[in-house]
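The values are calculated or read from the model by the stated rules, or taken from the named source; none is laboratory data. Here the structure is a predicted model, which means the values were calculated and not measured. Counting neighbours? That spans all protein chains shown, and the Cβs are built from the backbone with ideal geometry, glycine included.
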Amino acid sequence: MSGGITFTELATWFIFAYFILLNGSYITLNLLSIFALQKSNEEKLLESLPQVFKGLEPGISILVPAYNEETTITASIRSMFQLTYSEFEIIVINDGSKDKTLEVLTREFALLPFPAAPRLGLETKPIRGVYRSMQYPNLRVIDKQNGGKADSLNAGINAARHPLFCGVDADSILARDSLQLVVKPFMKHPEMVATGGTVRVANGCQVTDGSLIKVGLPSNVWALFQVVEYLRAFLFGRLGWSKLNAMLIISGAFGLFKTDVVIAAGGYRSNTIGEDMELVVRIHRMLREQGTPYRIEFVPEPVCWTEAPEDFKTLKNQRIRWQRGLSESLSSNWGLMLSRRGGPPGWLAFPFMVFFEWLGPVVELGGYFFMIYAYAFGLISWQAFVVFLFMAIGLGILLSVSGLLLEEISFHMYPKFRHLAVLSLVVVAENFGYRQLNTWWRLVGLYRWVAQRESAWGEMKRKGVGSKPK
Amino acid sequence: MFNTFSDPYIQFAFNIGLAAAALTLLLVAVIIHLRLNLRKSQRLEEAFIDLWRPILMQSISSNSTPQLPQLPASSQVYFLKLWNYLQESLRGIANERLNEVALELRCDVAARALLKSGNRAERLLAILTLAHLRDKKSWDALVVQANRDDSLASIHAARALINIDPLEGTSLLLPMLLQRQDWDVAQLANFLGSAEQAFWLHLSKNILQMDKSLWTRAIQLADALNLQLPLQSMRYIIEHCDSTETLVTALRKAGEPALLPLVRNYLNHADWRVRVEAAGFLGRFGDTEDAEALMAGLEDSQWWVRYAAAQALASMPFFGTAQLLALRARTLNGTSLAMLDHVLAEHQVRPS
């Protein structure tokens with residue numbers, strides 16, 4: 001190799017550099033999260049003191065889109081009435097369910113038709129009727145033609161009475177103090193436009209009547225892998241970005257938004273799969289372009305528990321959809337990328353998402369295949385091949401363990417030593433196959449987005465609860 | 001290149017992998033250490049609470065302070081946490097009894113020491129303790145804390161200063177109470193409850209001299225404390241404010257019928273939020289002449305104005321739902337009709 005640099009050298013160096021950059025970014029986010037959690041830990045004493053409600057907290061409209069949720073909707077709504085907050089209303093949007101969701105709601109909550117004056121805000125599928133509960137004055141149900149989750153949320157926003165709204169999945173389990181926690185940033189910063197909280201995996205937990213009774217770990221291996229993934233995604237992914245005011249994702253399972261800002265942004269886009277991320281990226285873009293000061297913040301406390309898929313097919317479909325959603329969210333808001341007024345979202349988070357989350361599967365799997373190919377054809381030595389795997393897997397394990405560390409320094413939701421031991425094994429094991437499989441699914445999602453192949457909402461096999469981190 | 005293990009590139013990658021492995025092991029050790037520490041600390045705290053909670057409860061219910069056991073320095077933070085929790089949960093004479101116990105155990109000295117040299121968590125605990133103890137000796141140190149950027153420490157220090165001397169505290173802090181947007185109004189309303197008269201005195205005296213940009217928050221705070229600002233101040237603010245935000249807040253807060261002639265002018269304001277508040281005011285204080293104007297409001301282009309107008313009509317003592325039904329019967333405009341039906345249903349009146 002005395003002449004110029006060869007293709008093999010160039011490719012190998014590129015792959016090394018990519019892995020180092022990717023993991024270096026994650027480690028930086030991790031450090032930011034450690035500082036944020038440390039600060040939050042210091043404030044725990046004051047947070048744990050008895051809270052006095054003066055009724056001055058901003059009102060919140062909880063929007064619950066429901067499609068074929070006859071088995072879970074009653075328990076979910078009843079658990080929402082247990083939320084500790086001074087002023088909130090619940091708006092269930094029955095999105096043309098084919099089952100008896102509306103009948104169940106009518107029976108359980110004594111619904112009567114309500115002649116609501118139509119509010120023409122965001123465009124939605126036709127509303128078939130509005131109902132009001134005779135038992136709970138703060139419960140309304142909107143019955144509409146099927147139009148998807150985004151369309152349902154828009155219908156809910158049109159009907160919302162309060163300055164803030166919270167989009168919740170019908171099968172999410174909310175912590176009793178979840179609204180109190182996510183509203184706090186709004187009360188401290190007038191320029192706050194959205195907050196999101198940590199979503200955790202409910203599989204393996206004891207849930208009664210829509211309320212989480214006891215935290216546990218699932219026995220299903222796919223769900224176990226997702227427990228670790230959620231820790232990583234929320235505790236250092238989002239918390240780190242939040243410190244830079246550059247968080248591009250708020251989970252659709254639980255997020256709080258300023259109603260008028262979302263209406264000004266045009267509401268949820270119903271022709272996208274990742275409507276939750278797309279909205280947040282669009283809000284960033286809109287407010288950056290306007291030069292309006294704003295904040296979007298992440299609350300690290302676990303506020304919402306969701307059921308993760310436990311079978312290969314559902315999990316695969318979910319991940320493919322997420323990657324498509326990510327692709328759509330980024331491509332439809334490309335104006336934010338390195339834009340003049342883009343700030344941290346446009347100059348850090350967006351490029352990061354593009355290079356490491358969006359195109360990541362291409363480079364990551366390309367890297368693995370290239371190394372196998374190069375080794376098979378004698379282009380690189382076995383030492384180089386092994387060292388590459390050692391580095392890639394070693395950094396992967398380090399990141400997973402750091403997610404576990406963040407959990408341990410903050411919330412330690414998994415109380416038993418056995419939990420800790422199982423999670424420690426999982427953070428190692430997920431790097432041998434599961435992460436690579438995930439990368440493959442993301443690549444398929446990317447391909448389907450490029451090919452514009454429809455990927456229908458897969459039916460989630462549920463035991464009772466459900467949603468997603470990204 | 002890339003063919004031997006001694007190659008610098010491979011060596012570099014190998015070193016990264018090695019560092020990752022070493023760091024992983026270190027993190028695992030830290031996790032185990034943290035978990036062991038947490039367990040130990042939880043056990044100690046539980047044992048402490050088992051011993052001290054009954055003592056504190058007894059001291060609250062008896063007329064004299066009971067014999068107190070020695071409080072080791074290592075347990076001081078546990079004690080202050082428990083003590084502050086009880087302070088926040090109880091009211092009246094119980095707070096005074098708890099103060100007597102704390103002074104007996106020299107917690108004031110301990111809190112001052114923590115405020116001076118503790119970490120942030122300990123400083124927050126100290127500020128809270130000194131607030132409950134109304135510790136005059138800490139005044140200067142608390143003023144320093146109230147001026148810090150740290151939202152939590154500063155707002156609790158402000159609370160302590162107000163507890164120690166309501167008149168002096170509110171006078172000193174008034175500019176900050178109005179300027180610091182990171183001090184949550186709801187929390188301030190809780191803190192200022194014991195000093196609301198002092199606050200009202202300073203606010204009503206200074207509100208017209210202060211910068212107009214502070215008016216919105218001043219009215220919000222007064223509203224949170226259910227304080228009525230002087231009529232002439234409200235009139236002046238409504239007439240002279242520069243921002244719609246202030247106007248909306250002032251109209252929402254306006255609670256004097258004497259403002260009626262002035263507020264009527266805003267029912268046709270360009271900003272719909274102002275029209276909403278003006279309609280609400282007319283619903284509270286308007287007369288028959290205003291009912292006509294509110295009926296016109298039922299045809300407003302904004303849903304919220306139509307809603308506020310219908311609600312205002314329904315709440316007028318001389319109008320009410322019976323008149324609303326009559327109005328419905330003669331209303332032809334579909335939008336107005338829909339809003340009347342909406343509001344009648346909210347008042348649970350069914351049109352025949």
Any idea which residue in the stretch B:294-310 is surrounded by the fewest Cβ atoms within 10 Å (Cβ to Cβ), counting only those that are touching a Lys or Arg at 6+ places or on another chain (Cβ under 7 Å) and in a helix (DSSP H, G or I)? B:Trp303
By residue number, the members of the stretch A:1-23 that are at the interface with chain B (Cβ under 10 Å from one of its Cβ atoms) and closer than 23 Å to A:Ser242 by Cβ are A:Asn23
Residue count, the stretch A:407-441 (criterion: part of a helix (DSSP H, G or I) and under 30 Å from B:Ala22 (Cα atoms)): 24
Look through the stretch A:303-323, keep the residues that are in contact with a Lys or Arg (Cβ under 6 Å, 6 or more places away or on another chain) and surrounded by 23 or more Cβ atoms within 10 Å (Cβ to Cβ), and return whichever of them is farthest from A:Val281 (Cα to Cα). A:Glu307
Could you tell me whether the stretch A:351-368 includes any residue that is closer than 30 Å to A:Lys243 by Cβ, touching a Phe, Trp or Tyr at 6+ places or on another chain (Cβ under 8 Å) and not in a helix (DSSP H, G or I)? no
Within the set of pairs 6+ apart or on separate chains, which have a first residue in the stretch B:176-200 that is within 12 Å of another protein chain (Cβ to nearest Cβ) and surrounded by fewer than 17 Cβ atoms within 10 Å (Cβ to Cβ), a second that is modelled with pLDDT of 90 or more and part of a helix (DSSP H, G or I), and C-beta atoms under 6 Å apart? B:Asp182/B:Ser151
Suppose we filter the stretch B:103-135 for residues that are within 22 Å of A:Phe35 (Cα to Cα) and of a type outside the set (A, V, I, L, M, F, W, C); how many remain? 6
Those residues of the stretch B:311-343 that are surrounded by 15 or more Cβ atoms within 10 Å (Cβ to Cβ) and farther than 15 Å from B:Gly283 by Cβ come to a total of 9
Residue hits (the stretch B:300-352; more than 33 Å from the chain's Cα centre (by Cα) and among the acidic types (Asp, Glu)) are B:Asp300, B:Asp341
Among the residues of the stretch B:312-352, what is the count of those that are of a type in the set (Val, Ile, Thr) and outside any helix (DSSP H, G or I)? 2
For the structure I just gave you, tell me whether B:Glu256 is farther than 30 Å from B:Leu227 by Cβ, more than 14 Å from chain A (Cβ to nearest Cβ), free of Cβ contacts under 8 Å to residues at least 40 places away in the same chain and among the charged types (D, E, K, R). no
Tell me yes or no: at least one residue of the stretch B:229-242 is among the small types (Gly, Ala, Ser) and within 30 Å of B:Ser194 (Cα to Cα). yes
Looking only at the stretch A:32-52, which residues are touching a residue at least 60 places away in the same chain (Cβ under 8 Å) and more than 8 Å from chain B (Cβ to nearest Cβ)? A:Leu32, A:Ser33, A:Ile34, A:Phe35, A:Ala36, A:Leu37, A:Gln38, A:Ser40, A:Gln51
Considering only the stretch A:129-166, state which residues are within 14 Å of chain B (Cβ to nearest Cβ), of a type in the set (A, V, I, L, M) and not in a strand (DSSP E or B). A:Met134, A:Ile157, A:Ala159, A:Ala160
Selected residue (only one of A:Tyr18, A:Tyr85, A:Tyr26 is under 30 Å from A:Ile142 (Cβ atoms), touching a residue at least 40 places away in the same chain (Cβ under 8 Å) and of a type in the set (Ser, Thr, Tyr)): A:Tyr85
For the condition among the aromatic types (Phe, Trp, Tyr), surrounded by 14 or more Cβ atoms within 10 Å (Cβ to Cβ) and more than 14 Å from every other protein chain (Cβ to nearest Cβ), what is the one hit in B:Phe79, B:Phe48? B:Phe48
Suppose the filter is touching a residue at least 60 places away in the same chain (Cβ under 8 Å) and under 20 Å from the mean Cα position of the chain (by Cα); does A:Glu407 pass it? yes
Would you confirm whether or not the stretch A:130-137 contains a residue that is within 30 Å of B:Val185 (Cα to Cα) and either touching a residue at least 60 places away in the same chain (Cβ under 8 Å) or crowded, with 16+ Cβ neighbours inside 10 Å (or both)? yes
In contact with a helix residue (DSSP H, G or I) (Cβ under 7 Å, 6 or more places away or on another chain), more than 22 Å from B:Phe191 (Cβ to Cβ) and either more than 10 Å from every other protein chain (Cβ to nearest Cβ) or not basic (Lys, Arg) (or both), is that true of A:Glu69? yes
Mind listing just one residue for me: the one in the stretch A:381-439 that is of a type in the set (Gly, Ala, Ser) and at the interface with chain B (Cβ under 7 Å from one of its Cβ atoms) and, of those, nearest to B:Phe12 (Cα to Cα)? A:Ala384
Among the residues of the stretch B:174-182, is any in a helix (DSSP H, G or I) and among the charged types (D, E, K, R)? no
Out of A:Pro113, A:Pro126, report the one residue that is within 13 Å of chain B (Cβ to nearest Cβ), touching a Lys or Arg at 6+ places or on another chain (Cβ under 9 Å) and surrounded by fewer than 22 Cβ atoms within 10 Å (Cβ to Cβ). A:Pro113
Could you identify the single residue in A:Leu153, A:Leu164, A:Leu174 that is touching a residue at least 24 places away in the same chain (Cβ under 8 Å) and within 25 Å of A:Leu423 (Cβ to Cβ)? A:Leu174
Which residue, of A:Ser79, A:Ser48, is within 24 Å of the chain's Cα centre (by Cα) and not acidic (Asp, Glu)? A:Ser79
